[in-house]
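Okay, structure first, notes after.
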Amino acid sequence: MSVKNLNLLFMSLFFAITCIAQKKDKVKFGAVSNNEFNTPDTGIYKNADAIYIFDKGSAKMEGNTKGFFSIIFERHVRIKINNANGVDASTISIPFYTSQGLDEKMLVLKGITFNLDNNKISETELTNSIVFTEKLNKNVSVKKFTMPGVKAGSIVDITYKTKSDYLNTFQSWEFQHKYPIMLSEYIVDIPDFFNYVKAMNVKSKFVLDEKSSYNATFNIIDNSGYSTDRATLDGTVSVNKWQLVNLPGLKEEIFTSSIDNHISKITFQLNGYQFPNMPYKPLKENWSKISTNLLESESFGASIYNRTGYLDDILKKNNLSSGTDKEKAIKIYEYVRDNFTCTKTYGIYILEDGIKNLIKNKNGSAADINLLLTGLLNKAGLNTSPAILSTRGHERVHTDFPLMDKYNYVISAVFFENESYFLDATQPYLSFGNLPLKCYNGSVRILNTDATAAELETHNVIEQKTTTIIGIPHEKDKLDIAIKTDYPYFESSRIREIITKNGKEAYIKDLKTKINSDYTIDSVTVLNIDDKKEKIIVNFYIKVALDNDVNYLNPLFTEEQSESPFKSETRYYPVELPYALNNVTITNITLPDGYEISEAPKSEKVALVESVVQYNYLIAKKKNEIQLNCIHNVRQTNFDAEDYSNLKSYYNYIVNKSKEQVVIKKL
């Protein structure tokens with residue numbers, strides 16, 4: 001088929017689907033035509049493993065029998081499975097919550113798989129026997145199913161309807177998914193009794209953004225008492241309808257904090273409500289109140305601020321209360337870090353009997369460990385508070401909305417007269433005042449009287465790596481090469497973790513693979529393994545034989561960049577580096593008598609994005625001496641999707657440049 005015909009096919013499909021979407025009653029579940037199997041395969045749809053033909057949702061509120069309102073949510077999604085890699089799109093998971101008399105439940109669930117063989121459509125229906133309910137905990141369960149009869153070329157058509165009593169967060173909507181989508185639509189009907197604040201993370205332009213309203217009567221029944229109470233409320237319902245088309249699929253790639261930060265979506269938070277002839281009831285809590293509630297909660301602060309005799313025992317038994325305030329803080333931090341093992345990474349609340357079991361079993365959750373750390377610091381008379389944040393991989397938090405389910409990690413904050421530190425004692429390879437990289441994800445809330453806000457951003461983390469390479473003559477036709485690398489802090493922590501798990505010898509064996517197999521390795525040493533306050537230093541001592549009339553030598557040795565981290569042709573969301581970096585390699589090699597440098601790489605400087613990314617390769621050669629100063633500097637950590645192509649080209653350039661060699665000739 002010609003490109004022209006493909007474009008015409010795509011345009012006709014797009015027009016048909018857009019028209020259908022704008023007339024909701026024309027889209028019928030189970031009505032799949034032969035034409036829908038011919039999905040587009042150019043642009044964002046090229047090589048797509050699956051394509052969402054459409055994904056349509058609607059949410060409205062109705063009176064319930066519990067004396068209030070419920071949210072009714074309906075979704076109709078149709079997906080074309082292009083090949084075996086896209087079959088996962090036919091697996092659906094729907095979460096449900098139950099707590100304190102409120103619940104969510106499935107009202108309707110239907111699904112059909114369509115296959116086109118010899119121009120004839122066959123159907124396979126979803127049955128209840130393959131719908132499973134998995135209970136994650138006492139409050140959360142998930143309904144899961146995989147559509148039957150799915151293969152390359154199938155279309156799955158799924159619709160379901162749910163009912164929820166949870167009004168604080170109105171049903172959200174994600175316009176984007178892992179695979180590209182031709183049309184996504186969401187309609188919400190909200191009675192004006194309720195004041196919802198809308199948070200919209202949408203970068204594409206809506207093809208439809210409509211507002212309307214209508215009058216409605218809501219019947220509310222309360223069966224909770226001995227008698228049935230009924231109420232009728234008349235009000236205005238506001239309607240919003242949004243449509244987006246031709247959205248690319250978003251797959252998590254390297255240098256991504258969380259894909260959830262970049263998916264086009266709408267979320268809602270209930271600020272308050274007001275019924276006729278009644279005062280307005282605000283629901284949004286301020287951070288000061290939330291901080292107080294958490295510190296008084298048995299699942300959080302009460303365990304370290306009340307009934308704390310056990311903390312005195314720990315301080316006294318381990319001599320942790322002597323010295324200056326900072327010396328005490330360091331001793332307490334190192335005691336907790338070295339004596340307790342983290343077995344559950346995420347969550348801000350302590351486990352049942354968490355602190356008690358932590359002390360008894362020497363292991364517990366991150367919240368258990370860092371709250372114990374905070375309690376000990378406080379008991380030792382230091383100014384300290386717990387702090388909460390959302391880690392990289394868990395989505396950045398909205399500072400304007402104190403939504404506790406967006407926070408998933410607890411650390412400790414300690415304050416001295418002229419300085420302050422955040423602490424995390426769950427990481428055995430970190431030292432006092434250093435946090436794991438996952439904590440650098442924006443907003444942090446310190447749970448003190450003022451509920452102080454702070455920021456942990458990746459651009460504040462700078463990893464500096466320095467490699468010095470010295471080469472001197474050894475006998476008449478050999479070089480002695482000494483390579484010393486001072487690793488940056490987080491790389492040092494990673495090395496310590498590898499050595500702890502696999503052993504020092506295994507790590508050194510892996511290091512040796514970086515050296516050209518033609519060279520002789522005399523020795524490799526790794527320094528500061530046990531001193532977490534110091535950076536790891538690795539020393540190589542190797543011999544290079546100049547056996548030929550023409551010899552080749554890479555002046556970067558171990559610092560050659562073997563490949564680019566950026567593989568994808570395109571990227572539709574920002575590049576988010578975990579830290580800024582400054583890598584410096586200094587080489588100085590003197591040849592034995594009877595040899596000369598005949599050719600050397602050219603000196604070059606490359607910069608992009610207003611010079612926040614730079615690669616300087618400056619080389620100087622004499623007859624028998626080569627000097628290189630190579631600097632790779634990245635001062636910015638977040639780059640727009642529009643910068644991706646330049647970044648990819650930049651790293652490809654570094655890979656090629658770092659492979660260039662010096663040509664050494666025998667006289």
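Of the options (i) 25.8, 82; (ii) 27.4, 96; (iii) 31.1, 108, only one is Rg and Dmax of the Cα atoms in Å as computed from these coordinates, and that is (iii).
Per-residue accessible area (protein heavy atoms, 1.4 Å probe) orders Thr391, Thr228 as Thr228, Thr391, starting from the largest.
Roughly to the nearest percent, how much of the accessible area of the chain is carbon and sulfur, given a 1.4 Å probe?
Within the chain, the accessible surface is 47 percent carbon and sulfur.
Taken over segment 385-518, the ratio of Cα radius of gyration to 2.2 N^0.38 Å equals 1.50. Put simply, the amide H of Ala50, placed in the peptide plane, has neighbours under 5 Å in Asn82, leaving out anything fewer than 5 places away on its chain.
Over the chain, DSSP H runs of length four or greater, each weighted -39,500 (n - 2.57), average out per residue to a 222 nm ellipticity of -5500 deg cm²/dmol. In this structure the amide hydrogen of Thr466, modeled in the peptide plane, comes within under 5 Å of the amide hydrogens of Asp486, Val584, none closer than 5 places in sequence on its chain.
For GluC sites (Glu not before Pro), the sites in segment 357-447 that DSSP calls loop and that have at most 11 other Cβ atoms within 10 Å are Glu417, Glu419. Remark: segment 392-408, residue by residue, has Karplus-estimated 3J(HN,Hα) of 4, x, 10, 6, 6, 8, 7, 5, 7, 10, x, 9, 5, 6, 8, 9, 9 Hz, where x stands for each Gly or Pro and the curve is 6.51 cos²θ - 1.76 cosθ + 1.60 at θ = phi - 60°.
Sum up the lysine pairs in segment 339-436 that clear both bars: alpha-carbon distance under 24 Å and a spacing of 8 or more or different chains.
Working: Lys344/Lys356; Lys344/Lys360; Lys344/Lys362; Lys344/Lys406; Lys356/Lys379; Lys360/Lys379; Lys362/Lys379.
Lysine pairs meeting both conditions in segment 339-436 amount to 7.
Converting phi to 3J(HN,Hα) with the Karplus coefficients 6.51, -1.76 and 1.60 and the offset θ = phi - 60°, segment 258-275 yields 7, 4, 5, 5, 10, 5, 5, 7, 10, 10, 10, 10, 6, 7, x, 8, 8, 9 Hz in sequence order, with x at every glycine or proline. The phi torsions of segment 48-63, fed into the Karplus equation with coefficients 6.51, -1.76 and 1.60 and a -60° offset, translate into couplings of 5, 6, 8, 9, 7, 5, 7, 9, 10, x, 8, 9, 9, 10, 9, x Hz, rounded to whole numbers, with Gly and Pro shown as x. Applying the criteria of a DSSP loop state and at most 12 other Cβ atoms within 10 Å to the GluC sites (Glu not before Pro) of segment 430-496 yields Glu457, Glu475. The count of lysine pairs in segment 47-141 whose Cα atoms are under 26 Å apart, excluding pairs fewer than 8 places apart on the same chain, comes to 14.
Dipole check for the chain: with +1 at the C-beta of Lys and Arg, -1 at the C-beta of Asp and Glu, and the Cα centre as origin, the magnitude is about 800 Debye. The GluC sites (Glu not before Pro) of segment 162-254 meeting both criteria, a DSSP state outside H, G, I, E and B (loop) and at most 14 other C-beta atoms within 10 angstrom of the site's C-beta, are Glu252. Cross-link partners among aspartates and glutamates for Lys533, C-alpha distance below 16 Å, same-chain residues fewer than 8 apart left out? Of all the aspartates and glutamates, those that pass the test against Lys533 - Cα under 16 Å, at least 8 places apart if same chain - are Glu327, Glu334, Asp338, Asp424, Glu463, Asp486, Glu491, Glu497. Considering all different alpha carbon pairs of segment 190-256, the Kirkwood hydrodynamic radius works out to 16.3 Å.
Could you provide, to the nearest whole Å², the per residue accessible area of the chain with probe 1.4 Å?
On the way: 32920 Å² over 667 residues.
On a per-residue basis, the chain sits at 49 Å².
Residues whose amide H lies under 5 Å from that of Ile536, counting only those 5 or more places away or on a different chain, are Tyr487, Ser492; hydrogens are built 1.01 Å from N in the peptide plane. In the chain, what % of DSSP beta bridges are antiparallel (nearest 5)? In the chain, DSSP labels about 90 percent of beta bridges as antiparallel.
The values are calculated or read from the model by the stated rules, or taken from the named source; none is laboratory data. From a predicted model like this one, the values you see are computed outputs, not experimental measurements. Positions of Cβ are backbone-derived with ideal geometry, glycine not excepted, and every protein chain shown enters the neighbour counts. Side chains are part of the model used for accessible areas, which takes the heavy atoms of the whole protein and leaves out ligands, DNA and RNA. Shrake-Rupley method; radii C 1.70, N 1.55, O 1.52, S 1.80 Å.
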